[in-house]
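Encoded as structure tokens, the structure appears first; notes follow it.
The values are calculated or read from the model by the stated rules, or taken from the named source; none is laboratory data. All of these numbers come straight from a predicted model, not from anything done at the bench. Methodologically, a virtual Cβ is constructed for each residue, glycine included, from the backbone with ideal geometry; neighbour enumeration extends over all protein chains shown. Side chains included, ligands, DNA and RNA excluded: accessible areas come from the protein's heavy atoms. Shrake-Rupley method; radii C 1.70, N 1.55, O 1.52, S 1.80 Å.
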Amino acid sequence: NDIEFIRSFYYNKEEYARFSSSLGKFVGYNEFGVKNAERWNSQASLLAALRAQKEAYCKLNVDVD
């Protein structure tokens, strides 16, 4: 439960959007990011795939460290 999968999106070294597995959705940080986050959050299959990344990527590799 302490593991969080985060996928961030940057343009010109500025983060404009982020997916957080603890929230289960995208969050935008500027006008461009908010518009993209709304579009991405409306795609149920994309959200399901990213939520599964916590199980597939994070939980498998946590024991490696």
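Observations
- Counting only protein heavy atoms and using a 1.4 Å probe, the accessible area of SER42 comes to about 90 Å².
- With all protein chains kept in place, the per residue accessible area of the chain amounts to 75 square angstrom at a probe of 1.4 angstrom.
- Computed from phi, the 3J(HN,Hα) profile of the stretch 42-57 under the Karplus parametrisation 6.51, -1.76, 1.60 (θ = phi - 60°) reads 7, 9, 4, 5, 5, 5, 5, 5, 6, 5, 5, 4, 4, 6, 6, 9 Hz, with x in place of Gly and Pro.
- For the stretch 2-65, the carbon plus sulfur part of the accessible surface works out to 50%, probe radius 1.4 Å.
- Close amide-amide hydrogen proximity is noted between TYR16 and PHE9, TYR10, TYR11, each under 5 Å apart and 5 or more residues distant or on a separate chain (H modeled in the peptide plane; Pro and chain starts excluded).
- In the chain, the longest principal axis of the Cα atoms and the axis of helix 31-41 are about 50 degrees apart.
- Simple rule: put +1 on each Lys or Arg Cβ and -1 on each Asp or Glu Cβ in the chain, find the dipole, and look at ALA56, SER42, TYR29; the Cα lying farthest toward the positive end is SER42.
- Under 28 Å from the Cα of LYS59 - lysines, other chains or at least 8 residues apart: LYS25
- Measuring how big the stretch 6-63 is from its alpha-carbon positions, Rg and Dmax come out at 12.1, 39 Å.
- Only helices enter this figure: runs of n ≥ 4 DSSP H residues, each worth -39500 (n - 2.57), summed and divided by the residues of the chain, yield -9500 deg cm²/dmol at 222 nm to the nearest 500.
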